[in-house]
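Worksheet: the structure to be examined is printed underneath.
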């Protein structure tokens, strides 16, 4: 399909980065066109970051404000770190999408609207008394109305598809327009359509045709006088693919199992926003991945413990309410000293809370939320691609120290995506498991002198038959023991073992200068927002640096010293101050907080404003 | 291959057994150790998983791999172990409280999946480890610490619960009936898919009178119905009583001489018959023991690994290829 395109003089502006938001009814295929747009930007060599934002209801009433689904993407040259704060271009499929998103739009931005969807009934559902595309209320924006329904129907009038089905292709019409605006290639989406609809060739052809028609419409129509080109990102050479945080975590688990030459067992119960890990792994069961959809969260945790006892790399994933159900069994995992990875994709809580929205509010549950003295390792991922690195590190620590490790991700990371450079085998960390002594010298609770890990001997290994359980055991032999001194010794040993994980933590990397007025301490998904804000603040001359903590428990050993080199410490978090509480108790430091509990990610503007406020108050 | 034949003694760990004197658990322990020895697998291929309760101390006394876990969760832990290591013989030891109350959901889903677990449920109709509270099998009217005026809960019949879930092997035995219960365990050992064996057993301190009618080996034959595949449902010391189903209702028919035609012949492959039989309660009807249901249906792990085979083994693929997936791009 290499037809010649007409040349027209359009104003091509070169941008360093751009932010686009797609919005429409949850039935409009917004997530689909959003992710196709993201792929195309990646293939074109942009760095990118995405944020899907969808309603909890699968199908809220059509056309209502509650049913609006969104997908935001930032892409461009720099290291794009967040999905942007406010979009430069907002594409809306209906009036409700406009009503919901207009407040986040800077004046002067572009609004592209499916004008056919602005019927009196739809306007009323969205709460408009008159049509905003016509009544002048959007005069501060550049509004481009596209009759997408009419154009889609026209493009498909000879396709033989029934009208209702033809109309469903309209999202590809709008996508075609967006591809033209940003000079992006149609090829990857064409290929994707072919694969996706390979069972119905007519639907595939229709979508491809409409995509092309949208692109042509934008190219030939005078109303589009602007075209943007983003600078390519100077990324490291290598093979890349676009991954969401959940996919990255799933691939990390497979990778860890391969490095250990073990099966991966993943036992999980469906829960938003963690289910995609389960879905991704379910596709790989031919690759020594045993995926078990459990009857409940407790079974998910317990089957994982069973598989770990069985000598496999065992993992489970969940979100906050599910982690609460898992904690009793996590106590067993801690006392039985079995290795496993527990991924908590945090969402707005408590209870059902905001199931599709993001938060960082499970930190204290992960660190402390168990009965008894029950230490385990907690790590936090900082970006979608970092979900790979962090989950892989979690598995490495789990097997080296024979301990459960919780990985904190969240809705923002799990659904967001960014290019992931596929590592070479040689670049991956080495996994180390304490060697088993000979059967005669084996005791289930003897310890590796360096790591304090107990030996991992699993059913099937001849000569190592032994019994473990939830009762306290005698040091070494593992026999049931109610001896008071032994319990205290074992409690201390379990704590000391987890404390020794600090040996795995590299020196804290400081973004900026090693000392100064203000240190911003972040963890998890706020990495992009904090780093962007600090970059900008430093450009504006403020004395500010930042660090980002992956090791939540145990904390990096040099953290106290690093913080002491700054006069003030600011901890931005999507909770009411949980890391702050941890830092206070560990280091007797009283950091300032920037706390957001809105189910939406902290953005760099908010962090920047706070940095300025703190430093101007000096 | 292991050539030396193992005996029950080989499956005894050297730990002191800590059940109360007179507890039926001792007899069950001996029977299971004997059953394991008879299975012919090497030691290391067995795993015994339990929850919490008196019965759940069991793994400590069996010289194999064992896991004494947490209350109610043994079927879930055993499922993870069996699914990832299908070659192991995985036994779940549980009780009426552990398996049917706090762990009811795991029990029902393990059975639903037909995963290859050998589940043995010790039914003493009481919470014994916590010293005498009513359990889901405590009989109506029973006075316990939590039911001082008599229990008003309708109890479960464990075997019927399993039959109702279409469990592929369901049986009931009695701790004091060594021959009958050993035969059941031996058949369970050879079954593929979930096996559910309920063993009735009194608790000396807390439900001592529970199975008094079953105490005397001769007298108990008047109240026990020994169910056997292909055999008529006949019972009584003098083998002179039988069960006839009239309009699907069981009725006791007394006879002398030849077994009358209307006495039902038991068919363990018949789910409906198993349902009727497992619902028999004393004193209206004799208490059935034996194998109620035995049928063959692919196990969860068989279906799982067959599916894996069907999609084609990709284990040999390079990790980098796997990570790249179908839509990677290259930046030079």
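The values are calculated or read from the model by the stated rules, or taken from the named source; none is laboratory data. A quick note: this is a predicted structure, and the numbers were derived from the prediction, not measured. Cβ sites come from the backbone with ideal geometry, for glycine too, and all protein chains shown count toward neighbours.
Odds and ends about this structure:
- Just one of (1) outside any helix (DSSP H, G or I); (2) more than 10 Å from every other protein chain (Cβ to nearest Cβ) fails for residue A:290. It is (2).
- Taking the criterion of being buried (at least 20 other Cβ atoms within 10 Å of the Cβ) and within 20 Å of the chain's Cα centre (by Cα), the only residue of the range A:579-595 that qualifies is A:579.
- Checking A:392, A:408, A:413, A:379 one by one, the residue that is under 12 Å from residue A:344 (Cβ atoms), part of a helix (DSSP H, G or I) and either free of Cβ contacts under 8 Å to residues at least 40 places away in the same chain or touching a helix residue (DSSP H, G or I) at 6+ places or on another chain (Cβ under 8 Å) (or both) is A:413 and no other.
- Picking from residues in the range A:297-321 that are within 14 Å of another protein chain (Cβ to nearest Cβ) and under 19 Å from residue A:390 (Cβ atoms), the one that is surrounded by the fewest Cβ atoms within 10 Å (Cβ to Cβ) is A:313.
- Residue in the range B:93-110 that is closer than 25 Å to residue A:290 by Cα, within 15 Å of the chain's Cα centre (by Cα), assigned to a helix (DSSP H, G or I) and in contact (Cβ under 8 Å) with a residue 60 or more places away in the chain present: yes
- Output for the range B:193-222, where each listed residue is modelled with pLDDT of 95 or more and part of a loop (DSSP other than H, G, I, E, B): B:193, B:194
- Note on the range B:35-53: residues that are surrounded by 24 or more Cβ atoms within 10 Å (Cβ to Cβ), on the phi < 0 side of the Ramachandran plot and in a loop (DSSP other than H, G, I, E, B) total 2.
- Selection within the range A:563-578 - in a helix (DSSP H, G or I) and buried (at least 21 other Cβ atoms within 10 Å of the Cβ): A:578
- Test result for residue A:247, in contact with a helix residue (DSSP H, G or I) (Cβ under 6 Å, 6 or more places away or on another chain) and more than 10 Å from chain B (Cβ to nearest Cβ): no
- Output for the range A:41-56, where each listed residue is touching a helix residue (DSSP H, G or I) at 6+ places or on another chain (Cβ under 8 Å), buried (at least 23 other Cβ atoms within 10 Å of the Cβ) and within 14 Å of chain B (Cβ to nearest Cβ): A:48
- Residue satisfying condition, being touching a helix residue (DSSP H, G or I) at 6+ places or on another chain (Cβ under 9 Å), within 14 Å of chain B (Cβ to nearest Cβ), on the phi < 0 side of the Ramachandran plot and surrounded by 22 or more Cβ atoms within 10 Å (Cβ to Cβ), within set A:260, A:281: A:281
- For the range B:71-92, the tally of residues that are facing chain A (nearest Cβ under 8 Å), crowded, with 24+ Cβ neighbours inside 10 Å and part of a loop (DSSP other than H, G, I, E, B) stands at 2.
- Subset tally (residues that are more than 14 Å from chain B (Cβ to nearest Cβ) and either touching a strand residue (DSSP E or B) at 6+ places or on another chain (Cβ under 9 Å) or part of a loop (DSSP other than H, G, I, E, B) (or both)) for the range A:455-492: 5
- Of all residues in the range B:99-120, those being touching a strand residue (DSSP E or B) at 6+ places or on another chain (Cβ under 8 Å) and within 21 Å of residue B:144 (Cα to Cα) number 2.
- Among the residues listed as A:514, A:556, the single one being over 29 Å from residue A:396 (Cα atoms), assigned to a loop (DSSP other than H, G, I, E, B), in contact with a strand residue (DSSP E or B) (Cβ under 9 Å, 6 or more places away or on another chain) and touching a residue at least 40 places away in the same chain (Cβ under 8 Å): A:514
- For residue B:244: the one exception among (1) out of contact with any strand residue (DSSP E or B) (no Cβ under 6 Å at 6 or more places or on another chain); (2) more than 14 Å from every other protein chain (Cβ to nearest Cβ); (3) surrounded by 15 or more Cβ atoms within 10 Å (Cβ to Cβ): (1)
- The helices (runs of 4 or more DSSP H) falling completely within the range A:113-208 that include 2 or more residues that are more than 23 Å from residue A:66 (Cβ to Cβ), at pLDDT 90 or above and within 32 Å of the chain's Cα centre (by Cα) map to A:170-181, A:187-196.
- Of all residues in the range A:540-553, those being assigned to a loop (DSSP other than H, G, I, E, B) and touching a strand residue (DSSP E or B) at 6+ places or on another chain (Cβ under 9 Å) number 3.
- Test for residue A:51: is it at pLDDT 85 or above and not in a loop (DSSP other than H, G, I, E, B): no
- Any hit, the range A:361-375, residues being within 14 Å of chain B (Cβ to nearest Cβ) and buried (at least 24 other Cβ atoms within 10 Å of the Cβ): no
- Some residue of the range B:43-55 being farther than 18 Å from residue B:25 by Cα, at the interface with chain A (Cβ under 10 Å from one of its Cβ atoms) and at pLDDT below 95: yes
- Condition met for residue B:301 (buried (at least 16 other Cβ atoms within 10 Å of the Cβ), within 14 Å of chain A (Cβ to nearest Cβ) and over 30 Å from residue A:191 (Cβ atoms)): yes
- For the residues A:429, A:423, the requirement of being surrounded by 17 or more Cβ atoms within 10 Å (Cβ to Cβ), under 23 Å from residue A:380 (Cβ atoms) and within 14 Å of another protein chain (Cβ to nearest Cβ) singles out A:423.
- A residue that is in contact (Cβ under 8 Å) with a residue 40 or more places away in the chain, touching a strand residue (DSSP E or B) at 6+ places or on another chain (Cβ under 6 Å) and part of a loop (DSSP other than H, G, I, E, B) cannot be found anywhere in the range B:149-163.
- Residue count for the range A:322-341 satisfying the condition of being away from chain B (no Cβ under 13 Å) and assigned to a helix (DSSP H, G or I): 3.
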